[in-house]
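One structure is given below, encoded as structure tokens.
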Amino acid sequence: MKNILIFILLLLFAVCVSAQNVTYTYDNAGNRTARTVSGTLKSSQAVEAQQTVTALPNLITEKDITVYPNPTQGHFTVDISNVHHDNLKGEAILFDMNGRLIEKKSIHSHSGQKRMEFHINHKSPGTYLLRLHIEENTFTWKIIKK
């Protein structure tokens, strides 16, 4: 009986999750400012639900990360704010548009590192991708070098 109940709950969860859409809002600099989840929940009566995801106090969200200046002349900074626990771990990876690794840095809050600087002066002008993996979350920014 317990296994059947767990199966039904998992099935309901899968149906609800598969019917959701995620949209992002960006500021003029290309930084994400909001994430909105919307979709139709499956039940006896369909209900349209839209919510803005808010962070739990100990989790990093997109609005806690600032990447500037973007576009850049060859130097940009990543600031991570709102770090409330000491074991935040992750990595920042910069790629070119062909998927080649440009630079990789570790993120450790226990070392007090909440700011990272990237120097791409030696790289040609164009678009690059910055991917941050922090805990279970992944955030991606387009970096434009003039």
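Quick notes
- Simple spin-label estimate for Met97 and Lys146 in nanometres, 7 Å along Cα-Cβ: 1.8 nm
- Measuring how big the range 62-145 is from its alpha-carbon positions, Rg and Dmax come out at 12.6, 38 Å.
We did not get these values from a lab; they are worked out from the coordinates using the rules stated. Just so we're clear, the structure is a prediction, and the values are computed from it rather than from any experiment. Positions of Cβ are generated from backbone atoms using ideal geometry, with glycine treated the same way; all protein chains shown enter the neighbour counts.
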